[in-house]
Amino acid sequence: MPKITRNSKAPTSGRYSIALRRYWSNPLLVTGTVCISLLTLAALFAPWITSYDPYSIEALNRLKPPSGEHYFGTDNLGRDVYTRILFGLRVSLLVGGAVTSISGLIGLAVGLLSAYYAVCDHILMRICDGLYAFPSILLAISIVAIMGPRTINVIIALSIVYVPSIARIVRSAALVVKEKTYIEGLKAQGAGPFRIIGLHILPNVLSPLVIQASFIFAVSILTEASLSFLGAGIPAPAPSLGNLLLDGKNVIFNAWWMTVFPGVCIILMILGLNLLGDGLRDFLDPKTKKKRHVKKNKKTSIGRRERNEPDLTIGS
């Protein structure tokens, strides 16, 4: 009899093709990925894209409008605004990536420990509730004011601010998994807490963690720009997007390009990250997309029935 061989690569390639089709059928995810990828590439290759120095001062070229020589014009010190925006993207992506990584790791640990151990839940989540009670911008300003306006201090302050939100998301997802029947079976078989948390609870909380991390990335970039605009963030003359807005505030009526172009760049970054987060939510959890479609179809059908109902007041 001929031997029957199994192709182990077929299921893997099938899963990859299905995931790829789901990716391309998700316009939010594709648009967000393209937008963020273009901005990231522009920030990484900034020294090769532009030939100007973001710190060089040229008094003779101050407040020049956009032209072929200076695409986005010059600022009040003669520096090229286009160059400073590209290098400002580097600062924003550095701060956003560092804050997301630090707060994500700490929030993941806090959420998992709080969900599994009742003692840690009472202690850690009460601390998170205390931090969550303060407005994020005020808490960040307070921490930066104590530590001093430096890039590393801004990263630390924003990481502290956004740990509670990630910890809450992870804790709620972990509590759902903890109540499953197979977790009780593992405990009865003598499985240790580290094995249960690491092998069974952790993989099930990664999807909401990744989705929340994309939104934290966007909010941290916006908060950093707000801190720099208020003078409590990245110290000048570093080309931060918030510093660019601060420089253009006093000459907004004479040099609109100093405010418009950095503002548009911030809008594109936040929009791309929000689209990426919404797309990841639909990609990693298709049930949410189906629920939204069901609700939309119900509302549409209800509206059609209401429009087709006869008006009983006429002729009564």
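Taken together, the values in this text are just the output of simple stated rules run on the coordinates, not laboratory data. What you see is a predicted model; the values in this text were computed from it and never measured. Positions of Cβ are generated from backbone atoms using ideal geometry, with glycine treated the same way; all protein chains shown enter the neighbour counts.
Name the most mobile residue of Pro203, Pro262, Pro149, meaning the one with the largest mean-square fluctuation, in a Gaussian network model of the chain with Cα contacts below 10 Å. Residue with maximal mean-square fluctuation among Pro203, Pro262, Pro149: Pro203.
Seen from Thr151, the other residues with C-beta closer than 14 Å to its C-beta sum to a net charge of +1, counting Lys and Arg as +1 and Asp and Glu as -1. Extents of the stretch 85-241, taken as max minus min of Cα coordinates on every principal axis and listed largest first, are 61, 30, 18 Å.
Taking K and R as +1 and D and E as -1, what net charge do the other residues with C-beta under 14 Å from the C-beta of Met258 add up to? Here the charged neighbours net out to +2.
Three principal axis extents of the chain based on alpha-carbon atoms, in descending order, are 82, 70, 69 Å. Other residues with beta-carbon under 15 Å from the beta-carbon of Ser136 carry, at +1 per Lys or Arg and -1 per Asp or Glu, a net charge of -1.
I'd like the FRET efficiency for Arg21 and Leu271, computed as 1/(1 + (r/R0)^6) with the beta carbon distance as r and R0 of 25 Å, rounded to 0.05. According to the calculation, E is roughly 0.50. Rounded to the nearest whole Hz, the Karplus-based 3J(HN,Hα) values (6.51 cos²θ - 1.76 cosθ + 1.60, θ = phi - 60°) of the stretch 186-200 follow the sequence 5, 5, 5, 7, x, 5, x, x, 5, 5, 5, 5, x, 9, 10, with x at glycine and proline. Mean residue ellipticity, 222 nm, helices only, the chain: the sum of -39500 (n - 2.57) across DSSP H runs of n ≥ 4, divided by residue count and rounded to 500, is -24500 deg cm²/dmol. The Rg/Rh ratio of the stretch 1-149, with Rg taken over Cα atoms and Rh as the Kirkwood radius over Cα pairs, comes to 1.19.
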